[in-house]
1. Can you tell me the 0 to 90 degree angle between the C-alpha axis of helix B:43-55 and the longest principal axis of chain B, rounded to 10?
2. Give the longest segment of chain A that steers clear of GluC sites (Glu not before Pro) in DSSP loops with at most 16 neighbouring Cβ atoms within 10 Å, not counting the sites themselves.
3. Please compute the Cα-Cα pair-distance distribution of chain B with 5 Å bins starting at 0, giving whole percents from short to long.
4. What is the sum of charges around A:LYS38, taking Lys and Arg as +1, Asp and Glu as -1, for the other residues whose C-beta is under 13 Å from the C-beta of A:LYS38?
5. Using only the Cα atoms of segment A:267-351, what do you get for the radius of gyration and for Dmax, in Å?
6. Can you sort A:ARG370, B:ARG11 by solvent-accessible area, 1.4 Å probe, largest first?
7. Given just the C-alpha atoms of segment A:252-311, how large is their convex hull per residue in cubic angstrom?
8. Check the straight Cα-Cα distances from A:LYS192 and name the aspartates and glutamates below 14 Å, setting aside those fewer than 8 residues away within the same chain.
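The values are calculated or read from the model by the stated rules, or taken from the named source; none is laboratory data. Keep in mind the model is a prediction, meaning the values are calculated, not measured. With ideal geometry, Cβ positions are generated from the backbone for all residues, glycine too; neighbour counts draw on all protein chains shown. Only protein heavy atoms, including side chains, enter the accessible area calculation; ligands, DNA and RNA are left aside. Shrake-Rupley method; radii C 1.70, N 1.55, O 1.52, S 1.80 Å.
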Amino acid sequence: MSTPLESDIDIWSDEIVVDPYPAYAELREQAGVVHLPKNDLYVLTRYDVIRDALGDPATFSSTTLGFNPMVNEALQGTSLASDPPMHTQLRATLSENLTPRALRGLKVVIDEKAEKLVAELVAAGSFEAIDSLARAFPLEIVADLIGFSGHVKDNMLRWGQAAMQVLGPMNQRTQESFPIAGELYGWCSSVKAEDLTPGSIGRGIFDAEARGDIPEGTAGHIIHQYLGAGVDTTIASIGNIVALFGRHPEQLEIVCENPDLVPAAFAEVLRYWVPIHIWGRTTTREVEIDGYTVPKGAQIGLLIGAGNRDPRHYENPDTFDVRRNPTDHLSFGYGPHGCAGQGLARLEGHAIVSALARQVQSITISEPVRVPSNMTRSIESLRVLEVVAA
Amino acid sequence: MSGRIELDRPRCEGHGLCEEAAPRLMHLDDDGDLVIDVEEVDGADLEAAKAAVRVCPVAALRLVSA
């Protein structure tokens, strides 16, 4: 066994977070684990290594899933930052309303909203896809679902973005986002049942607290997690759907002709352009990874997007191919901490892909504009210049 | 070679990807709960069972060698 190789890459530099795939390829070819002294971090780069780490919470603890001590401190006691067995109970409460079973009744509503929104945009002939689709759609769905209205709904985008950004290292982006993330935190620690729409999931969490199913004072934490996790990631995915179909018209055509490929196409969007760059863990013991020894207590960064493009696992990984159906992609994580909202994300993603495939023959897009971000890789603006209706 | 499919029921959230991978071996019932229809598998079923275990997003399924 030997000490991991080093790289002088700064994984949070502006150039890399905007276009991470060349750096991912370089690190992945170096080894399954690479030490980044600039970030004081060991990154996992290959599919199998990442998946094994996600499936082994006893060795790879979630207590430092963020990359600065302040945010990790703030997250203690949440489902996200805890390990089994504590995690198991918190997760059950968090995911109870988000399981595909609980969401079954929503499919029709979500599909209808997607069809209507896409129809309006197709009729307009040209549009800005991020504000009018990628942001508009999940905001509407998540706000209704959790029961947000008024100023909370108006702030969801800012708050959701900041909640992700502060998970990064203590760089300028993190520092600027802390006050905004603090607004969300403050609101969540004082929110009451009656602030949320009757019949909503958020209201249901307060009912669970009143029944004693979850400890007193924890309903706000769960609502915080719904908002923090469910907004920015979905916006990134939907923006990516539009950009990838704009860039690969033949792939949109394939889905138009084979509507059965809608789930496969969404899985491929998530594999090809991962919504979340990196996720943190800490080693609870000295551990051998890919033949190298990583010390106990090391900060680990799981490079999800690097694993999704690992040629050891996917053939021609740099090709966007809607027929691939990569159901085992890493973008939702895997195992005990696998994305709790993935059922809802699939409903939303499938609804958008399906509405586009049904109503659009082709789109002409401008170059997507991306801005640097610590955790999520999303498109800031994307002009659809022309739509040819189906 | 043969094997047995085991379900960690509390962990299952009903995502249903396993059902798509191995429709002959398991299905979600009307309540959205997973039912393992064939537990002991070999031959082509073994391959399908492996695929189902692989796609479970929350690692609720495993295959034990018989």
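1. It is inclined by approximately 40 degrees.
2. Working: sites that count: A:GLU216, A:GLU286, A:GLU315.
The reported range is A:1-215.
3. Computed distribution, short to long bins: 4, 21, 34, 26, 11, 3, 0.
4. Values: positive: none; negative: A:GLU6, A:ASP8, A:ASP10, A:ASP40.
Once positives and negatives cancel, what remains is -4.
5. 14.8, 45
6. Values: A:ARG370 40, B:ARG11 85 Å².
My answer, sorted largest first, is B:ARG11, A:ARG370.
7. Numbers: hull volume 6.2 nm³, N = 60.
Residue-normalised Cα hull volume stands at 104 Å³.
8. Partners within reach: A:ASP207, A:GLU209, A:GLU216.
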